[in-house]
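The values are calculated or read from the model by the stated rules, or taken from the named source; none is laboratory data. Because the structure is predicted, anything quoted here is derived from the model rather than measured. Note that each Cβ is placed from the backbone with ideal geometry, even for glycine, and that neighbours are counted across all protein chains shown.
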Protein chains: 2
Amino acid sequence: MKFSRKAEAALRRRGGRMTRARRALLELIEKSPRPLAPRQLHRELRRAGVRVDLVSVYRNVAALLELGLLHRVLGSTAVRPCAEGERPARCHHAVVCTACGSAREFHSLALERALGEVRRATRYRISGHLLELRGLCESCRS
Amino acid sequence: MKFSRKAEAALRRRGGRMTRARRALLELIEKSPRPLAPRQLHRELRRAGVRVDLVSVYRNVAALLELGLLHRVLGSTAVRPCAEGERPARCHHAVVCTACGSAREFHSLALERALGEVRRATRYRISGHLLELRGLCESCRS
DNA sequence: CTCTTGATGCAACTGCGTTGCATTTGCGGC
DNA sequence: GCCGCAAATGCAACGCAGTTGCATCAAGAG
């Protein structure tokens, strides 16, 4: 299901409305091949002629994060749509291309198990984790 | 070899001098059981009666990072001494307390192996990774 | 002790993100 | 289409982390 549709539905369900700026933001996030930070989103929107305040971008991104439709990429404030069926609080495994910024999610049973082990070994009460691999995607390798 | 000694030697080698504040900072970092951010270091020093400006802490931490004697813990600005023979660019596993922000590093063989597996499975050319567990530390649990 | 220059303290500044509040606008009801 | 209410927005002010410029202090070599 398309991100913008899903997001619109979720926002409406909680009593939200669709504004010009919000729609543009959702579409931008959906179209963007890589995670963007609020400031970058704002810049892109302005560039596209959408008159919107940076504050609104922050607020919208915050709302979408809270709804579990976006999640932050580790080590930055950039966000991207959660993958289908992804549980936002727990699933944060992505490979991010250091050249073009495109991201792909992955899952690994061995990794889950190893993380479970670490979880049990530490004295912290673990609530979640963030994992990101960095490298070059196929097209950027050439 | 003790961190403070190593640091003093490295600083002198590059024409640096030992001041009261700097010595106290090195000793604090050495003694601290967990990574501390510049602001925390500053606060601790003041608490211990060392009159030093926050700016100086920042500058000293920056110098030590540049000398490769400290490294940052992932997801925070907290620093800790590099372990003997450690390559600072690669150590990126930490548990971060979501309440107080304190961080502790960890290593897990199983995790390393699982990551190696993922590395080989993906079509990206992996150059590194970031991993961070989030949770509550012992003292924040109460 | 004197002198050089590295280190420091202070204040101003930058950048990111947040908050308060008045205004605008989506949209449900008529 | 029009009205009215609450959501969303824009603007300005603010808070916090970290940086920079510059005058002053002091480590340590001679």
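A few remarks follow.
- Residues that are surrounded by 14 or more Cβ atoms within 10 Å (Cβ to Cβ) and either assigned by TED's automatic domain parsing to the domain that holds B:CYS97 or away from DNA strand C (no atom under 12 Å from the Cβ) (or both), drawn from segment B:42-61: B:ARG43, B:GLU44
- Residues considered: A:MET18, A:MET1. Of these, the only one that is modelled with pLDDT of 95 or more, surrounded by fewer than 19 Cβ atoms within 10 Å (Cβ to Cβ) and touching an Asp or Glu at 6+ places or on another chain (Cβ under 8 Å) is A:MET18.
- Residues located in segment A:28-58, provided they are farther than 25 Å from A:VAL95 by Cβ and among the charged types (D, E, K, R): A:ARG43, A:ARG46, A:ARG47, A:ARG51, A:ASP53
- First in segment B:34-51 and part of a helix (DSSP H, G or I), second anywhere and of a type outside the set (A, V, I, L, M, F, W, C) and more than 10 Å from DNA strand D (Cβ to nearest atom), Cβ under 8 Å, 6 or more apart: B:GLU44/B:SER32
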